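S.K.: Sharing a structure here in C-alpha cells format.
Rule-based calculations on the coordinates, nothing more; no lab input. This is a predicted model, so every value here is computed, not measured.
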Amino acid sequence: MSGDGLVLRAEDATLGYGGRTVVEGLGLDVAAGEILVVLGPSGCGKSTLLRAFAGLLPAVSGRVLADGEPVTGTSADRALMFQDDALLPWRTARRNVELALALRGVPRGERRAAAVRWLDRVGLGDAAGRLPRELSGGMRQRVQLARTLAAGPRAILMDEPFGALDAQTRASMQRLLLDVLADAPATVVFVTHDVDEALLLGHRVVVLGAAGVAAEFPAPASRDEVLAALGARTKEVV
Ligand SMILES: Nc1ncnc2c1ncn2[C@@H]1O[C@H](COP(=O)(O)OP(=O)(O)OP(=O)(O)O)[C@@H](O)[C@H]1O
Ligand SMILES: [Mg+2]
C-alpha cells in the first residue's frame, strides 16, 4: 500500500517561535515502522515537535530529516493529525476523507466508496453526510483519523488523537490504528497524556523536556517508571 515507514530524525534541533526557544538541541531518531510515543507536560513542545516533523515549522538551528533528507515543507508522505480539529467545516465527513484520497491520487470515481469504507472503519458510516459542526468532538477526531489513514502516509504524526474519546471507542481506535499499520507499515510519532495508552501503543516512549529528550523507555517499560520520569502520581495529570 504505502511501502515502509519513513526514518525521522531531529539532529541537535532547536525549535521555537519568533525568538522564543521551546526545545533546545533535540536529538531524536525514529526508525522506519516504529511507533514512538511522546509524553511530557503541557507546553513542553510536543505539538511543536510534530509540526517540525510535518514541515510546518522550520528548526531554528540543527536539522530535521526524513529518510536522510532535510524537511523543508509539508509532504503527503508525512501526515499530521492535529490536536485541534482540522476538518474543513464546509465539507461533509465523507468529502473531508475524499480530499485525502484525492491527494493520494485515488481516481475520482473510486473516492466516494473508499471514503465511506474508511468512515465505516471508524464507526461513522452513518454520519458520512454530516458536516463537522453536526458531529461531536470525538466523532470529529474519528473523521480525522479516517482521513489521516486514508491518505496512506509513510509517517503519521498524531497529536493526542484519541483524547476526546470514551474509553471503549478509544480502545477500538487504538486497535484500528494497529490493524492499519499491520497492513500498511508507517512510522508513527504519537503524542498523548495517557501513560497507559503510551505503554500499549509505543515501541518506545520518550518524555520531552526543554532540553530535548528527558527520559526514554524502550517498551515494555513499567508504568511506575514512566510516571516517575514525569513526576506524576496519576496517569492523566501530565
Ligand atoms: N504558534 C505559536 N506561536 C508562539 N508560541 C507558540 C505557538 N505554538 C506554541 N507556542 C508555545 O510553544 C510552547 C510549546 O507549545 P506546544 O503546543 O508544542 O506544547 P505541547 O507540549 O504540545 O502542550 P500540550 O500538551 O498542552 O498540547 C508553549 O509555551 C506555547 O505557548
Ligand atoms: Mg500539544
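S.K.: What translational diffusion coefficient, to the nearest whole µm²/s, does region 87-152 have by Stokes-Einstein, given a Kirkwood radius computed over alpha-carbon pairs, a temperature of 4 °C and 1.567 mPa s viscosity? Let's see the in-between values first.
M.R.: Values: Rh = 11.2 Å.
Approximately 116 µm²/s, per Stokes-Einstein.
S.K.: Work out how far the C-alpha atoms of the chain reach from end to end along every principal axis, then list the three figures in whole Å, largest first.
M.R.: Principal extents (Cα only, largest first): 48, 38, 33 Å.
S.K.: Determine the relative contact order of the chain: mean sequence separation of Cα pairs under 8 Å and six or more apart, normalised by residue count, in whole percent. Provide the component values of the computation, followed by the final result.
M.R.: On the way: 499 pairs, mean separation 67.1, N = 238.
Once divided by the residue count of the chain, the mean separation gives 28 percent.
S.K.: Now, a different point. Can you give the relative contact order of region 87-152 as a percent, counting alpha carbon pairs under 8 Å and 6+ residues apart?
M.R.: It comes to 48 percent, rounded to a whole number.
S.K.: Quick check: residue separation of Trp90 and Asp166 times 0.36 nm, minus the Cα distance between them. What number comes out in nm?
M.R.: Answer, rounded to one decimal: 24.7 nm.
S.K.: Any chance you could give the angle, 0 to 90 degrees and rounded to 10, that helix 137-150 forms with the longest Cα principal axis of the chain?
M.R.: With rounding to tens, the tilt is 90 degrees.
S.K.: Which translational diffusion coefficient, to the nearest whole µm²/s, is obtained for region 65-111 from the Stokes-Einstein equation, given a Kirkwood hydrodynamic radius over C-alpha pairs, 20 °C and 1.002 mPa s?
M.R.: Diffusion coefficient, whole number: 169 µm²/s.
S.K.: Fully extended, how many nm does the chain gain between Ala182 and Glu134 (0.36 nm per residue separation, minus their Cα-Cα distance)?
M.R.: 14.0 nm
S.K.: Taking 0.36 nm per residue of separation and subtracting the Cα-Cα distance, what length does fully extending Arg20 through Glu225 add?
M.R.: 70.7 nm is the gain from fully extending Arg20 to Glu225.
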